[in-house]
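Before any comments, here is the structure.
Derivation of every value follows stated rules applied to the coordinates shown; laboratory data play no part. Small disclaimer: the values here were computed from a predicted structure and weren't measured. Because the Cβ atoms are built from the backbone with ideal geometry, glycine has one as well, and the counts that use them run over all protein chains shown.
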Amino acid sequence: MRRILFALLLAPLAAAAPLANAPKRPTCAVQARAAPEHTPGLYIVQVEVVKSCPVNGYAEVRLESYVGGHYPRRGWFEVTKSHPLVRRGVLWYWRGRLNGTPSTPFVIPGMSRPFSLGST
């Protein structure tokens, strides 16, 4: 009876062991772009991995503002070749951040202050 109980307790640990030895997926660089919406100062932002990224590669990104907010509120978006990050209604002063060691902020090309004639 003790052996059966012991085996039942160790079964979940044995099932999780192969995950610990699984190879890590490659992380990739990202490229971002913005297109203006009808309202001045709001943009449609697209963040995607670069073309040289392997099929199983990914990047973890988030959008953040210079004044302290970030989206998503917790965690990171996982961007892959098949799933780019597309957000509507992003304010002109937001930027992106790539998760890594250290995490790296990046400016999203195409975004500028409203009514500024293209200068940032």
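For the stretch 30-106, what does the relative contact order come out to in percent, with C-alpha contacts under 8 Å and a separation of six or more?
Reported as a whole number, the value is 33 percent.
At 0.36 nm per residue, and after removing the present C-alpha to C-alpha distance, how many nm does the segment from SER65 to LEU91 gain when stretched out fully?
8.5 nm
Could you order peptides 87-96, 41-50, 74-83 by the average number of other Cβ atoms within 10 Å of their residues, highest first? Display every interim value, and only then the final one.
Details: 87-96: 16.0, 41-50: 18.5, 74-83: 13.7.
Going from most to least packed, we get 41-50, 87-96, 74-83.
Can you give me the distance in nm between label points at ALA29 and LYS51, each placed 7 Å from the Cα along the Cα-to-Cβ direction?
1.4
On average over all directions, what projected area in square nanometres does the stretch 43-85 have, based on the convex hull of its Cα atoms?
Computing the convex hull of the Cα atoms and averaging its projections yields 3.7 nm².
Add +1 for every Lys or Arg and -1 for every Asp or Glu among the other residues with Cβ under 11 Å from the Cβ of TYR43, and state the total.
That works out to +2.
The stretch 48-120: D in µm²/s via Stokes-Einstein (Kirkwood Rh, Cα pairs, 10 °C, 1.306 mPa s)?
118
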